[in-house]
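Visitor: Before I ask anything, here is the structure I am working with.
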Amino acid sequence: MSEIKIPIANPIIGEEEIKEVVEVLKSGFIAQGPKVAEFEEKFADFVGAKYAIATSSGTTALHVALLACGIGEGDEVITTPFSFAATGNSILYTGAKPVFVDIDKKTFNIDPNKIEEKISKKTKAIMPVHLYGQAADMDKIKEIAEKHDLYIIEDAAQAHGSIYKNTKVGSIGDIACFSFYPTKNMTTSEGGIITTNNKDLAEKSKIYRAHGETKRYEHAVLGYNYRMTDIAAAIGLAQLKKIDDFNQKRINNANYLTTNLKGVEGISTPKVLNGVKHVYHQYTIKIEKDNRDEWVSFLNDNGIGTGIHYPIPIYKQELYINLGYDENLEETEKAASSVISIPVHPSISEKDLDTIIKVIKEASNKFN
């Protein structure tokens, strides 16, 4: 394989992040402290939520949010199978059962028209994923949730700054979770955060995050050590100042790709819902023939990094098969076998974009 010259992801860490971290290290207060509190306040403002609770990862944020909503043994949570495994696994952590609903073939997000048929007496919540940086169809999901008295837990791990009809994700449902893994639109190295407008859910989240403590050395429930450090929060504070610029560069890059790939045979470019601001954590194309592996090899051989997000639906992971899952959801299966993510991050240049476009057109001529 040739050297990958245009990587699929490239975290941007500048002097501002380094300065913030050095200041924390010199302060001697490196565990959860004042920087975490400041980051929580500023991220809540960024999202438009009243409360934010920082955690050690996006996965632990999901776990805590589910617990705060009272999800536990015997409950069911409706979600998408076309996501990273943490979406389903966080539900399993609580003793509840993930119930998978097929996706919309245009957006790859959960199809709200297929949710109600999966609701049972055990259903307690819907967990939509704002996949690739595009908000799910939240109006329909909210209507269903209100009708059946269900929580909405937004998995916004890939959607920092995404907007649905003038409202930022993270402030639409009852509670939401973001990830700050290095490849995300902004990072804290590792980390996550919960956002909500519900004071009770916020207070419960704080308790579950820190060993179930209600007061120092007083433990009311079984909690966890899921706290963020001030070191991570310091990086996050610097990144938060840049996220709007990062996102705009992603959007500009995506628009350039879409414009210049229009009409290329053998692929479909991303479709964006009306009223949605897609922040392009990933720019994902769909290969129309059953030859994705050939496309991936060709792109990689020409120095372009790729990603498959995601090649195996959650219900087909060995863990879930062993739990008795035996599903075959049509649009999920099609997407899992046909999607390719290509570079869209803020570090790539117009020259890089032109190279990507040129190679994709060459692949189209070769494989169609």
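The values are calculated or read from the model by the stated rules, or taken from the named source; none is laboratory data. These numbers were taken from a predicted model, which means no experiment stands behind them. Every residue, glycine as well, gets a Cβ built from its backbone with ideal geometry; the counts of neighbours run over all protein chains shown.
Visitor: Checking I172 against (1) under 14 Å from the mean Cα position of the chain (by Cα); (2) of a type in the set (V, I, T); (3) buried (at least 24 other Cβ atoms within 10 Å of the Cβ), only one condition comes out false. Which one?
Guide: (1)
Visitor: Additional query: If you go through the stretch 338-350 one residue at a time, do you hit one that is over 19 Å from the mean Cα position of the chain (by Cα), under 27 Å from I251 (Cα atoms) and part of a strand (DSSP E or B)?
Guide: No.
Visitor: Do you know which of the residues in the stretch 306-354 that are out of contact with any Phe, Trp or Tyr (no Cβ under 7 Å at 6 or more places or on another chain), over 14 Å from H281 (Cα atoms) and hydroxyl-bearing (S, T, Y) is surrounded by the most Cβ atoms within 10 Å (Cβ to Cβ)?
Guide: So, considering only residues that are out of contact with any Phe, Trp or Tyr (no Cβ under 7 Å at 6 or more places or on another chain), over 14 Å from H281 (Cα atoms) and hydroxyl-bearing (S, T, Y), the one surrounded by the most Cβ atoms within 10 Å (Cβ to Cβ) is Y320.
Visitor: How many residues does the stretch 277-297 contain that are closer than 19 Å to E265 by Cβ, among the charged types (D, E, K, R) and surrounded by 18 or more Cβ atoms within 10 Å (Cβ to Cβ)?
Guide: So the answer is 2.
Visitor: Next up: Could you tell me whether the stretch 43-58 includes any residue that is free of Cβ contacts under 8 Å to residues at least 40 places away in the same chain and of a type outside the set (G, A, S)?
Guide: The first filter runs over the stretch 43-58 and keeps only residues free of Cβ contacts under 8 Å to residues at least 40 places away in the same chain, leaving 45.
Now restrict to residues that are of a type outside the set (G, A, S): 45.
Yes - at least one qualifying residue is present in the stretch 43-58.
For every residue, the table says whether it meets (1) assigned to a loop (DSSP other than H, G, I, E, B); (2) more than 22 Å from F84 (Cβ to Cβ).
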| residue | (1), (2) |
| --- | --- |
| Y132 | no, no |
| I141 | no, no |
| A157 | yes, no |
| G161 | yes, no |
| D200 | no, yes |
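Visitor: For the stretch 70-86, give me each residue that is of a type outside the set (S, T, N, Q) and either part of a loop (DSSP other than H, G, I, E, B) or not assigned by TED's automatic domain parsing to the domain that holds Y151 (or both). Quick ask: steps written out before the conclusion?
Guide: Initial filter on the stretch 70-86 (of a type outside the set (S, T, N, Q)): 70-78, 81-82, 84-86.
Result: G70, I71, G72, E73, G74, D75, P81, F82, F84, A85.
Visitor: Right, next: When both residues are 6+ apart or on different chains and their Cβ atoms are under 6 Å apart, which pairs have a first residue that lies in the stretch 297-324 and is more than 30 Å from D354 (Cβ to Cβ), and a second that is crowded, with 17+ Cβ neighbours inside 10 Å?
Guide: Partner pairs satisfying both residue conditions: P313/P81; P313/T332; P313/A336; I314/P81; I314/G88; Y315/P81; Y315/F100; Y315/Y325.
Visitor: With respect to G95, determine if the residue is at pLDDT 95 or above, surrounded by fewer than 21 Cβ atoms within 10 Å (Cβ to Cβ) and in the same structural domain as I194 (by TED's automatic domain parsing).
Guide: yes
Visitor: OK, next. Would you mention how many residues in the stretch 299-309 are in contact with a strand residue (DSSP E or B) (Cβ under 8 Å, 6 or more places away or on another chain) and of a type outside the set (A, V, I, L, M, F, W, C)?
Guide: Total meeting the criteria: 5.
Visitor: Quick check: is even one residue across the stretch 116-125 under 20 Å from the mean Cα position of the chain (by Cα) and in a loop (DSSP other than H, G, I, E, B)?
Guide: No; the residues of the stretch 116-125 include none that is under 20 Å from the mean Cα position of the chain (by Cα) and in a loop (DSSP other than H, G, I, E, B).
Residue-wise test of (1) among the hydrophobic types (A, V, I, L, M, F, W, C); (2) crowded, with 21+ Cβ neighbours inside 10 Å.
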| position | (1), (2) |
| --- | --- |
| E203 | no, no |
| H211 | no, no |
| Y217 | no, no |
| N225 | no, no |
| M228 | yes, yes |
| L240 | yes, no |
| D244 | no, no |
| K249 | no, no |
| Y256 | no, no |
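Visitor: Does the stretch 298-305 include one or more residues that are β-branched (V, I, T), farther than 30 Å from Q248 by Cβ and surrounded by 20 or more Cβ atoms within 10 Å (Cβ to Cβ)?
Guide: Within the stretch 298-305, the first condition is being β-branched (V, I, T), and the residues that meet it are 304.
Subsequent filtering for residues that are farther than 30 Å from Q248 by Cβ retains none.
No: zero hits.
Visitor: Applying the selection to the stretch 194-242, what residues are among the basic types (K, R) and touching a residue at least 24 places away in the same chain (Cβ under 8 Å)?
Guide: K199, K204, K206, R209, R227, K241, K242
Visitor: Still on this model: Could you check, for the stretch 2-25, whether at least one of its residues is of a type in the set (S, T, N, Q), outside any helix (DSSP H, G or I) and in the same structural domain as A202 (by TED's automatic domain parsing)? Working first, answer last.
Guide: Quick first cut of the stretch 2-25, residues of a type in the set (S, T, N, Q) only: 2, 10.
Still in the list and also outside any helix (DSSP H, G or I): 2, 10.
Narrowing further to those that are in the same structural domain as A202 (by TED's automatic domain parsing): none.
Checking the stretch 2-25: not a single residue is of a type in the set (S, T, N, Q), outside any helix (DSSP H, G or I) and in the same structural domain as A202 (by TED's automatic domain parsing).
Visitor: Okay, next question. Suppose the filter is under 19 Å from the mean Cα position of the chain (by Cα), farther than 30 Å from D293 by Cα and of a type outside the set (K, R); does Q239 pass it? Give the steps one after another, and end with the answer.
Guide: On the way: under 19 Å from the mean Cα position of the chain (by Cα): yes; farther than 30 Å from D293 by Cα: yes; of a type outside the set (K, R): yes.
Against the criterion (under 19 Å from the mean Cα position of the chain (by Cα), farther than 30 Å from D293 by Cα and of a type outside the set (K, R)), Q239 qualifies.
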